[in-house]
Amino acid sequence: MKKERQREIKNEELFQQSRNFLVKAFAIIKEDYDKRITAGIAEGKIFSLAIDNRLITPGLIIEDREEELQKVLEFRECVRLMHSDTVISKKMSKYLATSRFYEYLSPWNCLVHMLKEIVHKDVITVTNFDEQLFLSMYKDLEDLFYNDRLSVTDIAVLKNFECDIDSETGTWTLY
């Protein structure tokens with residue numbers, strides 16, 4: 001098993017504020033999700049997590065409540081910290097791109113990505129915020145901000161091809 005290198009938190013204040021925001025946002029989304037499911041069942045409108053043909057997903061609830069979530073004090077503090085950090089601020093308000101990925105980098109996009117992952121994993125079955133998942137994702141976010149190089153795994157579906165792999169160099173020869 002590959003041992004993961006120890007990664008230190010570089011911006012402790014941003015770490016704490018991000019955690020505080022995500023814990024609060026998780027509770028808001030969890031409560032909203034539970035209310036929508038309960039209301040849908042009571043009204044007899046729910047079928048397969050949908051009310052009136054609108055799928056109830058945590059991601060849609062986040063989108064519905066984006067404006068409210070952006071007004072949360074802890075979120076605004078994260079924005080301030082990201083913009084005041086000389087390293088992070090250079091990467092904010094820019095597009096991040098790989099060969100298959102293109103996204104505008106903003107405090108909201110960074111934090112909502114983590115929120116969606118945490119909520120997607122836990123909102124239906126778990127009532128507690130997943131600290132380990134948050135820690136791992138926060139460290140990945142700091143890697144994005146503070147490292148000059150990132151390790152990226154790009155997966156592409158290949159059909160009807162043959163290849164040889166040189167085990168010493170890791171290079172592929174396609175036929």
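Couple of notes before you dig in:
- Any chance residue 7 is among the basic types (Lys, Arg) and either under 24 Å from residue 146 (Cβ atoms) or at pLDDT 85 or above (or both): yes
- Residues of the stretch 59-82 classified as without any contact (Cβ under 8 Å) to a residue 24 or more places away in the chain and within 17 Å of residue 142 (Cα to Cα), total: 1
- Against the list (1) over 16 Å from residue 109 (Cβ atoms); (2) surrounded by fewer than 18 Cβ atoms within 10 Å (Cβ to Cβ); (3) at pLDDT 90 or above, the condition residue 42 fails is (3).
- Put simply, of 82, 92 the only residue that is of a type outside the set (Asp, Glu) and at pLDDT 95 or above is 82.
- Pair list, Cβ < 7 Å and 6+ apart or interchain, from the stretch 133-150 residues that are more than 20 Å from residue 93 (Cβ to Cβ) to residues that are outside any loop (DSSP other than H, G, I, E, B) and aromatic (Phe, Trp, Tyr): 138/15
The values are calculated or read from the model by the stated rules, or taken from the named source; none is laboratory data. The structure presented is a predicted model; accordingly, all values stated were derived computationally and were not measured. Ideal geometry is used to build each Cβ from the backbone, glycine not excepted, and the neighbour counts take in all protein chains shown.
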